[in-house]
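Heads up, the thing below is written out as structure tokens.
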Amino acid sequence: MDGWPPCQAQGHVCAVIEMMDIDTIYKKVKEKGPDEAVVQLIRDKTSQVRFSGDSMDLFNRWNGSLITLFVSKGKRVASTTIRDMTALDSEISNLMKICKEVPETPSFNGINCAEHNYPSVDDARNEVDIQKLAGALMKGSMEGGAERSAGIVYSRDLDIELKTGYNHGKQHLTGIEMVVRSFRGDTTGQETIHYGPENQVDTETAMEIGRNAGKTSSRKIEKVDITPGKYDILLSPYVTGNLISYSSQFFSAYEVESGLSCFAGKIGARVASDHVTLEDDPLNKSGSGFRIFDEEGTPTRKNTLINNGTLKTYLHSFSTGKNFESSTTGNAGIISPKAWQISLLPGRSKFEDMVSEIDSGLIINNAWYTRFQDYVNGVFSTVPRDGVYLVKNGEIKGLVSGIRISDSVPEFLRNISHVSKERKNVRWWEEIFPAIMPYVLARNMNISKAF
């Protein structure tokens, strides 16, 4: 293993189920009489190494397949996911039965009927030894000063094939995700990174990621309490990605139609500071959110959601585009449009200069348990962890715990005064999709006690 500790734990391998070809599946669906149908066939090869303490304790490999089906009859729609091929015929029959019985969906206008050509995508990645990456994360964490660490490395190899009455597309996608959490006493540090087909990941990269988490956990600094109130907060790319990725649902035209978006009726209005230009960029191959077509066969593209603070567009499927007298943006989930890979464009600031701008505030490295209390106004709360520091007159003065950010998405976006040049590819476990985020300094954010 070239110096890296081998994985001693027992592994688990799931065999792939033999799958019909997509043309046969599509024909079976159409024989049941839907007006339109979408068949998506996904083959997923995922390898995982988990580590804790000083050793790797679990190795898993999954070779999984699933089919997603969508059918429509007039304005009635239904969808399902099938993992057991032996139940395919009965699942299709049941799906059509449901489709004929459910209430109409007035906002449904069919799927995209335009025919498209897609670029060939077969992004094979050089073979990556994820045990070596896990070993490098652990070693880097210890070098950074941690007493112990825990984390996961994933390698994903995904084949997606989609067929409608108008289009047939294939894409082969690869990605690496690494999570490391470092511990020293009761202090923690965490880093969560994703890489797409364009980036080749090596052990030196993993070492540096682990080292950063270890440094955060081992920072020798006095613990202090703070009074709830308004603070300037410097958010790491992990926190920025957490908040903006969770908030991306508010850009979905479906959520706007449903009355569940704080951006409803605000196209062309200022919804953020001049420093905020936000894109959905599924064609950026540096991230694992890369993909070339959406779930109704429309080619994906880069969409600018907010340009220098002004809301430019919602995310659309073919149906919502018609309802808004607009057009599809290539973001169709079958039921609701969704973002693929949110990207906040870099600014001009350096991290050190942003710290010096803080008279009385906080640096927050990570956030957990983000929840929305009010979707219409975008009111949320989240719990900062894994490195939260009090800053006075541009200098770090203490380690803070037991607090909560309690504010709203519109206030957060409007209060951003600085955006860093540096960005990271971030993803917080499986809760949200990949994002590409900088550090941001947000003024006058509301901080309350978490417990």
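Since every read-out is calculated from the coordinates, none of them should be taken as a lab result. None of the values given here were measured: they were computed from a predicted structure. Heads up, the Cβs are rebuilt from the backbone with ideal geometry, glycines too, and the neighbour counts pull from every protein chain shown.
General observations
- Net charge over other residues, Cβ less than 11 angstrom from the Cβ of W340 (K, R count +1; D, E count -1): -1
- Separation between Cα centres of the range 203-273 and the range 67-113, rounded to whole Å: 36 Å
- Computed over the alpha-carbon atoms, the range 224-451 gives an Rg to Rh ratio of 0.98, Rh here being the Kirkwood radius from the mean inverse distance.
- The helix-only estimate of mean residue ellipticity at 222 nm for the chain, built from DSSP H runs of length n ≥ 4 each weighted as -39500 (n - 2.57), is -5500 deg cm²/dmol after division by the residue total.
- Gyration tensor (alpha-carbon) shape descriptor, the range 126-241, a/c threshold 1.5: oblate
- In plain terms, the residue of H168, H194, H418 with the fewest other Cβ atoms within 10 Å comes first and the most crowded comes last, giving H168, H418, H194.
- For the range 299-347, the ratio of Cα radius of gyration to the globular rule of thumb 2.2 N^0.38 Å stands at 1.17.
- Spin-label model, T86/S120: points 7 Å from Cα along the beta carbon direction are separated by 3.9 nm.
- Global form of the range 337-383, assessed from the alpha-carbon gyration tensor, a/c cut-off 1.5: oblate
- Relative contact order [Cα under 8 Å, 6+ residues apart], the range 224-451, whole percent: 30 percent
- Sites listed here are GluC sites (Glu not before Pro) in the range 398-451 whose DSSP assignment is loop and whose Cβ has at most 16 other Cβ atoms within 10 Å: E430, E431.
- Using the Cβ of Y238 as centre and a radius below 10 Å, the other residues enclosed give a net charge of 0, where K and R count +1 and D and E count -1.
- 11 Å beta-carbon shell around G140, net charge (K/R +1, D/E -1): -1
- Once both labels are positioned 7 Å from their Cα atoms along Cα-to-Cβ, the gap between K27 and T68 label points is 2.6 nm.
- Whether the chain is rounded, prolate or oblate, judged on the alpha carbon gyration tensor where a/c under 1.5 counts as rounded: oblate
- Relative contact order (%) - the range 11-216, alpha-carbon pairs under 8 angstrom, separation at least six: 22 percent
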